[in-house]
Amino acid sequence: MTFPVLIRTTNGQFSASLVGSPELGCVGSSKEEAMAALRQELSEKVKSGELVDLELTTVGVSGLAGRFTDDPMLREICDEIYRERDVELGSRSPSMAMM
């Protein structure tokens with residue numbers, strides 16, 4: 001999992017907090033120390049089931065984005081469409097092709 005983290009410096013201390021959840025944060029004497037402490041806290045929350053992934057299903061056309069990326073027929077379908085388009089454009093007269 002990847003989480004956006006906000007790092008702040010106050011009085012020589014570094015704080016690392018989860019963006020959108022300021023209650024999930026840790027303080028350390030260095031950025032790395034604060035990040036390590038936050039990583040540990042988040043790991044414990046994941047292990048205990050307090051922090052889980054939530055998958056949202058998309059609605060409409062955007063829900064199709066990437067769905068057919070691995071479909072071997074997609075390239076064949078696209079190639080056929082382009083062949084038909086090229087034949088159609090090639091059979092038009094020059095004045096019709098500009099319209």
Query raised in the report: What is the pair-distance distribution P(r) of the chain, computed from all Cα-Cα distances in 10 Å bins starting at 0, with each bin given as a whole percent?
Result: 12, 23, 15, 15, 12, 11, 11, 1
**Report entry** the chain, relative contact order [Cα under 8 Å, separation at least 6], %
**Finding:** 12 percent
Requested in this report: List the GluC sites (Glu not before Pro) within the stretch 1-88 that fall in a DSSP loop (any state other than H, G, I, E or B) and whose Cβ has at most 13 other Cβ atoms within 10 Å.
Outcome: E50, E55
Query raised in the report: Looking only at L38, L51, L89, which one moves most when the chain is put into a Gaussian network model with springs between Cα atoms under 10 Å?
Result: L89
**Report entry** Candidates per trypsin sites (Lys or Arg not before Pro) in the stretch 1-97, loop by DSSP, up to 12 other Cβ within 10 Å
**Finding:** R67, R92
**Report entry** Most positive-pole-ward Cα, L38, M1, L54, against dipole of the chain from beta carbon charges
**Finding:** L38
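Quick note: the coordinates plus some simple rules give every number you see, no bench work behind them. Since the model is a prediction, treat every value here as computed from it, not as a measurement. Neighbour counts run over all protein chains shown; Cβ positions are idealised from the backbone, glycine included.
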